[in-house]
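Everything on this sheet refers to the single structure shown next.
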Amino acid sequence: MEVKDYLPFAIIGGGALLAYLLLKPQPYTVVNPPTPQEPSEEARLSAVVALTQLAAERERARWEYAATVEAAKAQAEYELRARQLEAEQEARRIQAEKEMQQKAADAQFWGSFWSGLFGVIGSGLALFAGLSDEALYNRLPYPPYIGHGGQLAALSRRR
């Protein structure tokens, strides 16, 4: 590149630098600095008392802040532990409910199983009993309003 390509940047940059140098505030010039005078003993003692009081207040504020932080930390730990215990109890309750539901389902299954099995066995026995002694029922002179159970009871008393 040639110099004429850099010329606009140089002019604008130079103008900005010149404006900055002209507009920046000038440092203050101290013409007659005050001479330090020796403070009196009373002023020094009052300054020491004021500084001691300030230090005591700062230390008290620091202690209060530390106590507040410790109390907040203890409260947070307590709440965290309470939430953990609550979650553990909720998990135990859910587990107990699952176990109860499982036991109820098992009890219902086995109840249905045994009642069905005994029902089938009872039906088979009733069917077998009904088919086996038909000739016996027809041979005995019992009126028709006496059922099979009554006929069997009467028959067992006869023998």
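At a glance:
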| quantity | calculated |
| --- | --- |
| Filter pass, Y20 being surrounded by fewer than 10 Cβ atoms within 10 Å (Cβ to Cβ) and either outside any loop (DSSP other than H, G, I, E, B) or hydrophobic (A, V, I, L, M, F, W, C) (or both) | yes |
| Residue that is out of contact with any helix residue (DSSP H, G or I) (no Cβ under 6 Å at 6 or more places or on another chain) and either surrounded by 10 or more Cβ atoms within 10 Å (Cβ to Cβ) or at pLDDT 90 or above (or both), where the choices are E38, E42, E64 | E64 |
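The values are calculated or read from the model by the stated rules, or taken from the named source; none is laboratory data. The model shown is predicted, which means the values in this text are computed figures rather than measured ones. Note that we place each Cβ from the backbone using ideal geometry, even for glycine, and neighbour counts take in every protein chain shown.
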